[in-house]
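The values are calculated or read from the model by the stated rules, or taken from the named source; none is laboratory data. The structure displayed is predicted, hence computed values, not measured ones. Cβ placement follows ideal geometry from the backbone for every residue including glycine, while neighbour counts extend to all protein chains displayed. Keep in mind that these areas ignore ligands, DNA and RNA; they rest on the heavy atoms of the full protein, side chains included. Shrake-Rupley method; radii C 1.70, N 1.55, O 1.52, S 1.80 Å.
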Amino acid sequence: MDRFLVEGGRKLKGTVTVSGSKNACLPVLVASLLTDEPFVLHRVPDLRDVRTTLKILQALGKKVQYQNGTVTILADGALKNTLPYELVKQMRASFWVAGPLLSRFKQAVIPLPGGCALGARPVDIHLKGFERLGAACTTQQGNVVLSAQALHPAKITLRFPSVGATQNLMMCAALIPGETVLENVAKEPEIEDVSAVLRQMGAEVFSDEKGRLVVRGRSALHGVEHTVVADRIESGSYMLAAAATRGDVRVEGCVPEHNSMLLDCLQEAGVPLEIGADYVQVKPYDTPLKPLRVKTAPYPGFATDLQAPWMALMSLCNGTAEVDEDIFENRFMHAPELVRMGADIVTEKSIARITGVKKLSGAHVMASDLRGGFALLIAGLCASGVTEIERVYHIDRGYENPEGKLNALGARITRYNPDKDDF
């Protein structure tokens, strides 16, 4: 498996261009299952999860072409409505195929998904929604079996504003004639990107005056050509890397308002920013970094996907900061690895208390999940000496060419495989 060697103590400087959103392009790619017409997506990042999704589409019977950030998806014979576990186990987003397959076939068999080990992330919200649309949902031998004689529009209230369930139910409802109303839905920007694609395909999708998501489905949907929205988590991650190294970095091609909570927190902590229409300039500073208390929450709250990179920054604050992880359990697995690098972090249930230290030191650490892996990268950039990070495949799931982008800003990161490379 690949590892990173990170030489620390270098301030980042320059311009980094943000890729298309992983969390938007995955469901949008899956939406191609709703039609047999050509489906073209631009600004698709080259990520492990994207490649896995394309393999899933091929396994279901689609013809897929991917070149220079553009994916073209075409019909290639009859679609299938079952998936092999070997593909599904690699990421949780694979379960998003359930909605489109159910609406097209009235039956689907999907293995229970895998992905980052972030505690219980049940699919029951998806299943209860499918049941409201007329499907029977059972679990047999590790598979979720969905079946319906007919599907019908419905009013569905989510028990939690799950991004995945919102997107899955939107896609399913788009191919059910009539009006489906979704309440207590996720409001992340990625939801709007999926909505925009479904509108181009012929469905009506909008938020009403009560904040509910209304989907007026059609019996058939069209192909589209669409450009994926900027990745706000990647944007925020590079802003945090720049702030942690006290560098001077322009994060370009982003949508600043999608990171408004993070930008507010950075400025409150004492990080100077210049915010433009499609960029954020993180400027160097010499003042002590102020500790803050943040609590993760659904959008527009503080993003749970930025909690780990934020913790890496707060490891260098002047005082004691606090993070309340209110979305996922077991999402502090990066904390012990940061402690190995000299951070002072104490966790208790959903709370992490971070007492800032003057410096971090390089160490041999292990990425346990996607965002925690990037947190270790940030810490390595700030640390004295060399940090070796194992299991960087986690990082590759959500960041396109991370070492290339960071090295272009002045970092020194080497990717190597101890089984193949001689160091």
The range 378-417, residues that are in contact with a Gly (Cβ under 7 Å, 6 or more places away or on another chain) and in a helix (DSSP H, G or I): Gly380, Leu381, Cys382, His394, Ile395
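Among the residues of the range 160-174, are any in contact with a Gly (Cβ under 7 Å, 6 or more places away or on another chain), open to solvent by less than 40 Å² (accessible area, probe 1.4 Å) and part of a loop (DSSP other than H, G, I, E, B)?
No.
Would you check which residues across the range 188-204 are outside any helix (DSSP H, G or I) and within 26 Å of Ile110 (Cα to Cα) and list them?
Residues satisfying the conditions are Glu188, Ala203.
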The range 386-423: number of residues that are among the small types (Gly, Ala, Ser) and either within 16 Å of Ala244 (Cβ to Cβ) or buried (at least 20 other Cβ atoms within 10 Å of the Cβ) (or both): 3
Residues (in a loop (DSSP other than H, G, I, E, B) and of a type in the set (A, V, I, L, M, F, W, C)) located in the range 121-143: Val123, Leu133, Ala135
Cross-chain or 6+ apart pairs with Cβ under 6 Å, the range 276-287 first and in contact (Cβ under 8 Å) with a residue 60 or more places away in the chain, then in a strand (DSSP E or B) and open to solvent by 20 Å² or more (accessible area, probe 1.4 Å): Pro284/Asp248
The range 361-377: number of residues that are assigned to a helix (DSSP H, G or I) and either surrounded by fewer than 23 Cβ atoms within 10 Å (Cβ to Cβ) or out of contact with any strand residue (DSSP E or B) (no Cβ under 8 Å at 6 or more places or on another chain) (or both): 5
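Every residue in the range 229-258 that is β-branched (Val, Ile, Thr) and part of a strand (DSSP E or B), please.
Val249, Val251
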Qualifying residue in the range 310-333 (condition: open to solvent by 50 Å² or more (accessible area, probe 1.4 Å), closer than 30 Å to Val386 by Cα and not in a loop (DSSP other than H, G, I, E, B)): yes
Residue satisfying all of: in the range 9-45; more than 22 Å from the chain's Cα centre (by Cα) and hydroxyl-bearing (Ser, Thr, Tyr); nearest to Asp76 (Cα to Cα) among these: Thr35
Failed condition for Ala220, given (1) surrounded by fewer than 17 Cβ atoms within 10 Å (Cβ to Cβ); (2) free of Cβ contacts under 8 Å to residues at least 60 places away in the same chain: (2)
Unique residue being open to solvent by less than 70 Å² (accessible area, probe 1.4 Å) and assigned to a helix (DSSP H, G or I) when the list is Leu57, Leu74: Leu57
Some residue of the range 340-358 being more than 19 Å from Arg3 (Cα to Cα), at pLDDT 95 or above, of a type in the set (Lys, Arg) and out of contact with any Phe, Trp or Tyr (no Cβ under 6 Å at 6 or more places or on another chain): yes
Extreme residue, surrounded by the fewest Cβ atoms within 10 Å (Cβ to Cβ), among residues of the range 241-275 that are within 22 Å of Lys187 (Cα to Cα) and touching a residue at least 60 places away in the same chain (Cβ under 8 Å): Gly253
Check on Arg246, farther than 19 Å from Gly356 by Cβ and of a type in the set (D, E, K, R): no
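Taking the condition of being of a type in the set (Asp, Glu) and in contact (Cβ under 8 Å) with a residue 60 or more places away in the chain, how many residues in the range 42-76 meet it?
2
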Criterion: open to solvent by less than 10 Å² (accessible area, probe 1.4 Å) and either part of a helix (DSSP H, G or I) or of a type in the set (S, T, N, Q) (or both) - qualifying residue of Leu87, Leu41, Leu26: Leu26
Of residues in the range 334-360 being open to solvent by 40 Å² or more (accessible area, probe 1.4 Å) and in a loop (DSSP other than H, G, I, E, B), the one farthest from Asp286 (Cα to Cα): Lys349
